[in-house]
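The values are calculated or read from the model by the stated rules, or taken from the named source; none is laboratory data. Note that the coordinates shown come from a computational prediction; the quantities given were computed from them, not determined experimentally. Here Cβ is always computed from backbone atoms with ideal geometry, including for glycine, and neighbour counts include all displayed protein chains.
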Amino acid sequence: MGFVLSVLYFVTNFLTPVAIFGALAAYRIELILAILILFVSLPKMKGSIVLKTPQSAALIGLAFAASMSAMVETRWAWGAIQTFLFFLPNAYGYYLVCMHCNTKKKLQVIVLMLLFVCFFVIAHGYIDLPHGDSGRGFFQAGDTGSAETSQWNIEHPYLLLMSNDAGIMIYRLRGLGLINDPNDFAQFVICVIPLVFIFWFPGKMFRNIAFVLLPVSVLLYGTFLTHSRGALLALMAMAAVAARRRIGTLPALLVAGGLFLAAMALNFTGGREISAGSGSDRTELWSECLQLLKSHPLFGVGPGTLSDYLGHTAHNSIMVCVTELGLVGFYFWCLFLFPTLRNILVIASPKKVSEAEENEPDAGLVPGTISRVEAVNKADINRMGRLLLLSFTGFLVAGWFLSRAFVMIFFLLGGMTEVVYEMALCRGIIAPRLPLARVLLFAGGLAISLVLLMYILLRTVNFMR
């Protein structure tokens, strides 16, 4: 019951209550779902992995830091409450996955849910996309004015009409709700593409074509329709990471470079350039973020207020997080990021996962985590770990160019990682999680390292100008 309601909750948040429930959305269906799931989940809280992972403490600290940041900025308690209510639905996803998604089959259902969201948006966007003479999605500037463009965007919620660097109008695919920006939706799709390979079965050619290759082709087409430059770079990074294991680092980079040239030849970005000139504007914004951090070091300038100071968002998840929430909030964000990345690397490594013994899996650690029917082995753990590694690579690379540090897909990937890690623990084929004290220390080191990295990067860029 809790798992089914959780899946419905995720779909409702990604596609908005209006798209799923229509007129019933006026009754705050998403809130009713969240409360109902909470009551259903309470009995499962005790003994679940939620109480074992440092990410749970990180989310509590992150919610506190975001609320304090809003209160300090607005000097009004209601601002803190609004920020908490905005942050809660995204972070809630981590807890729901950890409590209810405790088998490989349920992980596959989560992937199917994400795939459904992608297909829903791609199908609606494709239907709205003009075809015939303008089937490529382009027409000359001047065919519509700014007022007509705004009206067109309102009437077509799944497409964004805008001009590229050459002044030509293009259509960009976007979703609703949490993914209502083309770049947000592109990042979402990028994260889903590797996860689809959880349905891959060696030697089953027709099954793999139908359930893996065809869906991935649709997702790639949807990514193309977003014309997202960050998504293209994320795809290249995922291709390099995936190929490195089989052909080595240098050949993998050459393959990624070849794919990049092919994508640019196919006008993947819709005429939006990837150049040093376009990047210089962002580095200037990052420099201004560091200046703001100096004047607001602890709790930042407040969630969602960066554009009020800069006239623009920073287009970098690290800079947005540390500037808006300060060093306190950024520490808790790193406290979620570090153990997630560490555990992904462990479950993806054949050297860190041992072969299971022939005895029955120990289901006593987390009730219901591993059933007799579905006992995972080393190959399953490594495979799921590699898919999560690719998905997280895509998220982080795209996030380098986006201001999206607290989106739900980030927390879902974190939850899926811990579920797979717990599967391996229950089989006794992996080392225990790091002690909390070490995680707290390493998270602080990661936070300091990332801020220093941005500072050194900006100093280097300014020196080279």
Completion exercise
Here, helices (runs of 4 or more DSSP H) confined to the range 176-257 with at least 2 residues that are touching a Ser or Thr at 6+ places or on another chain (Cβ under 6 Å) and in contact (Cβ under 8 Å) with a residue 40 or more places away in the chain are 182-195, 229-247
Handout entry: Among the candidates 242, 263, residue that is modelled with pLDDT of 90 or more and among the small types (Gly, Ala, Ser)
Key = 242
Problem - Pair list, Cβ under 6 Å, 6 or more apart: the range 104-130 residue among the polar types (S, T, N, Q), other residue buried (at least 18 other Cβ atoms within 10 Å of the Cβ) - result: 108/198
Practice task
Please enumerate the residues belonging to the range 74-101 that are modelled with pLDDT of 85 or more and touching a Ser or Thr at 6+ places or on another chain (Cβ under 8 Å).
Solution key: 94, 95, 96, 97, 98, 99, 100, 101
Handout entry: Selection count where residues are assigned to a helix (DSSP H, G or I), surrounded by 19 or more Cβ atoms within 10 Å (Cβ to Cβ), in contact (Cβ under 8 Å) with a residue 60 or more places away in the chain and out of contact with any Gly (no Cβ under 6 Å at 6 or more places or on another chain), scope the range 26-60
Key = 4
Completion exercise
Every listed condition ((1) buried (at least 19 other Cβ atoms within 10 Å of the Cβ); (2) of a type in the set (A, V, I, L, M); (3) at pLDDT 95 or above) holds for residue 179 save (3)
Practice task
Please name all residue pairs, on different chains or six or more residues apart, with Cβ atoms under 7 Å, provided the first residue is in the range 258-272 and is of a type outside the set (Gly, Ala, Ser) and the second residue is modelled with pLDDT under 85.
Solution key: 272/164; 272/165
Handout entry: Residue list for the range 179-233, restricted to those being more than 20 Å from residue 410 (Cβ to Cβ) and polar (S, T, N, Q)
Key = 208, 217
Handout entry: Filter pass, residue 72 being part of a helix (DSSP H, G or I) and not assigned by TED's automatic domain parsing to the domain that holds residue 336
Key = no
Practice task
Check off (1) among the polar types (S, T, N, Q); (2) assigned by TED's automatic domain parsing to the domain that holds residue 342; (3) at pLDDT below 85 for residue 41 and give me the number that stays unchecked.
Solution key: (2)
Exercise for the section: Inspect all residues belonging to the range 127-138 and state whether any of them is out of contact with any Asp or Glu (no Cβ under 7 Å at 6 or more places or on another chain), modelled with pLDDT of 90 or more and either part of a helix (DSSP H, G or I) or at positive phi (or both). Expected result: yes
